[in-house]
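What follows is a single structure, written as structure tokens, with notes after it.
What follows draws every value from the coordinates through simple rules; no lab data is involved. All figures in this text were calculated on a predicted structure; none of them were measured in a lab. Using ideal geometry, Cβ is built from the backbone for each residue, glycine included, and neighbour counts are taken over all protein chains shown.
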Amino acid sequence: MLFCQVGQARSLREICGGLAASEGKLKHLGLPAAPPRSTLAYANEHRPWGLYQSVFYQLLEKCQGVARSQGGRGKGKKFRFKNKLLSLDATVIGLCASVFDWAHYQRTKGAVKLHLLLDHEGHLPSFAVITEGKQHEIRVARQIRFAPGMIVGHRPGYTDYDWFVELTQQGVYWVTRLKDNADYAVVEERELPQRKGLLRDQVIFFYQLAEAGVECFFRRIEYVDEQSGQVLVFLSNHVTLAAATVAAVYKERWQIELFSRP
């Protein structure tokens, strides 16, 4: 079944055929020949699920060790801060409504939603859960417990001011995009360094929180993307990171998009 996943086989016939073409390697594993389809089908039907769980965690531990030995975040750009960097996202996976009748999404479509937390130390997933396709992202995000000092990048779909305050109180940092309809006021204009692309670095508060008696301030950073020329507005609760670093953290979040792409 590992061969099935790695080789992207779609049937028992493909698995057996692929293994038969690699009998020299199988003999090194102590297998005299590739198993016939009937044997594989019987084993697949009667094998306990706990075996797959055990193998998964063994492989994950192995991959994490390789990622650490190769220098943390790999060959990509390294940040100066030592905080663990994570990205949070959710992806809708379409299913056939007539086959998966429990996965109702739209009138004629079925779907589930994969909620994924990606650790940028080796770009390995550290949390994943599958829910119904209509499940809102923030409901799952609130169930995740982050360690103090972590930096979490996520898209505007996770905007929840109360959740932002909770993370801030827990010592968890985050970076996201500010929604266009956000109702806020500026309390400080920070001096900008001589860095291309930076337009503004502001300290703000949201009226919704202020009216509820919650005092919490955030960073609002305007940045021009060099490639597209688009003005991007970032929001964060980290008050000491350089404005350019905040923008770079959100850009790094695109790794989870690449990871989730089929």
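Apply 1/(1 + (r/R0)^6) to the Cβ-Cβ distance of Thr108 and Arg10, taking R0 = 22 Å, and write down the FRET efficiency to the nearest 0.05. For Thr108 and Arg10, the calculated efficiency is 0.35. Across the chain, C-alpha contacts under 8 Å between residues 6 or more apart give a mean separation that, scaled by the residue count, equals a relative contact order of 12 percent. Tell me whether region 11-69 comes out rounded, prolate or oblate; compute the Cα gyration tensor, take square roots of the eigenvalues as a ≥ b ≥ c, and use a/c under 1.5 as the rounded threshold. Taking the square roots of the gyration eigenvalues as a ≥ b ≥ c, region 11-69 is oblate.
Compared with the direct C-alpha span, the chain from Ala21 to Cys216 gains 64.0 nm at full extension, assuming 0.36 nm per residue. Of all aspartates and glutamates in the structure, the ones whose alpha carbon falls short of 14 Å from that of Lys179, not counting any fewer than 8 places away in one chain, are Asp160, Glu222. In the chain, what % of DSSP beta bridges are antiparallel (nearest 5)? The antiparallel proportion sits near 85 percent. Using only Cα atoms, find the angle between the long axis of helix 49-69 and the longest principal axis of the chain, and express it within 0 to 90 degrees, rounded to the nearest 10. Helix 49-69 sits roughly 50 degrees off the main axis of the chain. Taking 0.36 nm per residue of separation and subtracting the current Cα-Cα distance, fully stretching the chain between Gln169 and Val92 would add 24.6 nm. What whole-number distance in Å separates the alpha-carbon centres of region 125-196 and region 76-118? The distance from the Cα centre of region 125-196 to that of region 76-118 comes to 17 Å. The residue list Val55, Gly65, Ala33 was ranked by how far each Cα lies along the charge dipole of region 1-115 toward its positive end, using unit charges on Cβ atoms, and Gly65 comes out on top. Within the straight-line cut-off of under 25 Å between alpha carbons, the lysines reachable from Lys84 are Lys62, Lys75, Lys251, sequence neighbours fewer than 8 places apart in one chain being disregarded. Rg over Rh for the chain works out to 1.07, using Cα positions for both radii and the Kirkwood form for Rh. For Ala242 and Leu59, the FRET efficiency from 1/(1 + (r/R0)^6), where r spans their Cβ atoms and R0 equals 35 Å, is about 0.40.
Positive contributions from Lys and Arg (+1) and negative ones from Asp and Glu (-1), summed over other residues with Cβ under 12 Å from the Cβ of Val172, come out at +1. Phi angles across region 2-7 convert, under the Karplus curve 6.51 cos²θ - 1.76 cosθ + 1.60 with θ = phi - 60°, into 3J(HN,Hα) values of 5, 4, 4, 6, 5, x Hz, Gly and Pro given as x. The protection proxy used here, the mean number of other Cβ atoms lying within 10 Å of each residue, ranks peptides 130-139, 82-91 as follows, highest first: 82-91, 130-139. With 0.36 nm allotted per residue and the present C-alpha distance subtracted, the Arg200-Arg37 stretch has 52.4 nm of extension available.
Of the peptides 54-62, 234-242, the order by per-residue mean of other Cβ atoms within 10 Å, starting with the highest, comes out as 234-242, 54-62.
In this label model, Glu189 and Ala147 are separated by 4.1 nm, measuring between points 7 Å along each Cα→Cβ vector. Each label point was placed 7 Å from the Cα along the Cα-to-Cβ direction; for Lys179 and Asp225 their separation is 2.1 nm.
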